[in-house]
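Input: a single structure, listed below in structure tokens.
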Amino acid sequence: MGKEYSAEEIKRLAPHVLRLSTLLTKERGAMPAEYLSDPELRRAYTAYFLPANLHKIALPLAELERHPAGLLKKGRLEILDIGAGPGTAILGVIDFFAEREEAPYLEFTAVDPVSENLRLA
């Protein structure tokens, strides 16, 4: 997040970003379940897709924030992220609450079949 890449790093990342993009779109049916076990695809995801995807959790959280039962107004929230990948949703939740004056204590449990993803998360 926020890392500046040199021209050489971008050149090395580009084919892997393209490959991942193809897997996520045109070849989605053939995409292996543990596609992020490939270090190059994981690197492409964290460099290119993660920064854009982490904000996608903000809309559902904003809707939950307006729920009459005050679901997000608790002092502590426990969040289970199944298929956590490199922690995209976790980072999105942290980012969402970082912008609030009053934020709950957040406790995360991340589950992913690729152990390297959990290390990143």
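Quick note: the coordinates plus some simple rules give every number you see, no bench work behind them. Given the structure is predicted, the values throughout are model-derived calculations rather than measurements. So basically every Cβ, Gly included, is an ideal-geometry build from the backbone, and we count neighbours across all protein chains shown.
Summary of computed values
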read-out	value
Segment 47-55 - phi-based ³J(HN,Hα) in whole Hz, Karplus 6.51/-1.76/1.60, Gly and Pro as x	7, 10, 8, 4, x, 7, 6, 5, 7
Under 18 Å from the Cα of K73 - aspartates and glutamates, other chains or at least 8 residues apart	E63, E65, D95, E99, E101, E102, E107
Peptide ranges 20-27, 87-94, 46-53, 74-81 listed from the most packed, as the mean C-beta count within 10 angstrom indicates	87-94, 46-53, 20-27, 74-81
Segment 61-69 - phi-based ³J(HN,Hα) in whole Hz, Karplus 6.51/-1.76/1.60, Gly and Pro as x	5, 4, 5, 5, 4, 8, 4, x, 7
Placed amide H near D112: partners under 5 Å, 5+ positions off or other chain	G83, A84
Among L36, L59, L72: highest mean-square fluctuation, GNM of the chain, C-alpha pairs under 10 Å	L59
222 nm mean residue ellipticity, helices alone, for the chain (DSSP H n ≥ 4; -39,500 (n - 2.57); rounded to 500)	-12500 deg cm²/dmol
Over the chain, equivalent-ellipsoid semi-axes from the Cα gyration tensor in Å	30, 16, 13
Relative contact order [Cα under 8 Å, 6+ residues apart], the chain, whole percent	25 percent
Point-to-point label distance, L77-H55, nm (Cα→Cβ direction, 7 Å offset)	1.8 nm
Residue-by-residue Karplus 3J(HN,Hα) for segment 39-45, coefficients 6.51, -1.76, 1.60, Hz, glycine and proline x	x, 6, 5, 5, 5, 5, 4
